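*Asks:* Could you have a look at this structure, given as structure tokens, before my questions?
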Amino acid sequence: MAEPKTYSYKLVLLGESAVGKSSLVLRFVRNVFCEYQESTIGAAYLTKTLTLKDCIVKLEIWDTAGQERYHSLAPMYYRGAPAAIVVYDITNRDSFERAKDWVRELQKSGGVGVIALAANKCDLEPRRVPASEAEAYAEDSGCIYMETSAKNNINVAELFQQIAIKLPKQE
Ligand code: GDP
């Protein structure tokens, strides 16, 4: 039998500071969680390989920092990335509004084909963004929607897996 094909993709994480971008990446790649996660300085780069049914997908994950404060740098991060995860914190309404801004910006830029909206910290209360509202928004804007907890390891692998499945596999 022929070896399964390997495809590589750049994936970026965007969203307000402290919503859990680094925590999601570290949970996914290393299966760890840190209550006092240090802020990312600049951009951290990690890779993870997923085995799908018919192929292998290598994700080159850019966990960006500074895009919250230095917005003008953001296009540098997502340029050439076919996929993005936009993260918000379900207990922080502002972070959801900010996430919607990111989705709009990515869609305007045209290059990022697969966008996932991660409703993170779903282990926490009180919830400030109803799941039904975020889900409806994601559906309208053509995004994957996933409720995640980096802390309790809920839907983290599923989030990355769904993106990997949706990415185009050119011959
Ligand atoms: P970033 O700035 O978006 O990369 O956010 P971090 O990954 O640094 O996380 C910010 C804070 O939120 C840290 O104290 C994390 O431990 C915490 N955190 C991240 N994800 C979760 C989660 O799913 N649940 C809970 N309860 N806390 C989380």
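*Asks:* Mind listing just one residue for me: the one in the range 1-21 that is open to solvent by 20 Å² or more (accessible area, probe 1.4 Å) and within 19 Å of Leu73 (Cα to Cα) and, of those, modelled with the highest pLDDT?
*Replies:* Looking at residues that are open to solvent by 20 Å² or more (accessible area, probe 1.4 Å) and within 19 Å of Leu73 (Cα to Cα), I get Lys10.
*Asks:* For residues that are out of contact with any Leu (no Cβ under 6 Å at 6 or more places or on another chain), within 16 Å of the ligand (Cβ to nearest atom) and open to solvent by less than 50 Å² (accessible area, probe 1.4 Å), tally how many sit in the range 90-102.
*Replies:* The qualifying residues number 5.
*Asks:* Those residues that are within 27 Å of Tyr7 (Cβ to Cβ) and open to solvent by 50 Å² or more (accessible area, probe 1.4 Å), I need them from the range 143-153; list them, please.
*Replies:* Residue satisfying the conditions is Asn153 alone.
*Asks:* Suppose we filter the range 138-171 for residues that are of a type outside the set (D, E, K, R) and outside any loop (DSSP other than H, G, I, E, B); how many remain?
*Replies:* Residues meeting the conditions: 16.
Rundown of residues vs (1) without any contact (Cβ under 8 Å) to a residue 12 or more places away in the chain; (2) in contact with a helix residue (DSSP H, G or I) (Cβ under 8 Å, 6 or more places away or on another chain), yes/no style:
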| residue | (1), (2) |
| --- | --- |
| Lys121 | no, no |
| Arg127 | no, no |
| Glu135 | yes, no |
| Ile144 | no, yes |
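*Asks:* Okay, moving on. Output the number of residues of the range 6-42 satisfying the condition of being in contact with a Lys or Arg (Cβ under 7 Å, 6 or more places away or on another chain), in a loop (DSSP other than H, G, I, E, B) and closer than 16 Å to Asn155 by Cα.
*Replies:* Adding up the residues that qualify gives 2.
*Asks:* Being within 11 Å of the ligand (Cβ to nearest atom), surrounded by 13 or more Cβ atoms within 10 Å (Cβ to Cβ) and assigned to a strand (DSSP E or B): is that true of Val87 here?
*Replies:* yes
*Asks:* Of the residues Glu125, Glu60, Glu135, which single one is part of a strand (DSSP E or B) and open to solvent by 40 Å² or more (accessible area, probe 1.4 Å)?
*Replies:* Result of the check over Glu125, Glu60, Glu135: Glu60.
*Asks:* Condition test on Ala99, is it in a helix (DSSP H, G or I), within 25 Å of Glu60 (Cβ to Cβ) and not aromatic (Phe, Trp, Tyr)?
*Replies:* Yes: the conditions hold for Ala99.
*Asks:* Taking Tyr45 as meeting all but one of (1) free of Cβ contacts under 8 Å to residues at least 40 places away in the same chain; (2) open to solvent by 60 Å² or more (accessible area, probe 1.4 Å); (3) within 16 Å of the ligand (Cβ to nearest atom); (4) outside any strand (DSSP E or B), write down the number of the exception.
*Replies:* Condition not satisfied by Tyr45: (4).
The values are calculated or read from the model by the stated rules, or taken from the named source; none is laboratory data. Here the structure is a predicted model, which means the values were calculated and not measured. Reconstructed Cβ throughout: ideal geometry from the backbone, glycine too, with neighbour counts over all protein chains shown. These accessible areas exclude ligands, DNA and RNA; they are computed on the full protein's heavy atoms, side chains included. Shrake-Rupley method; radii C 1.70, N 1.55, O 1.52, S 1.80 Å.
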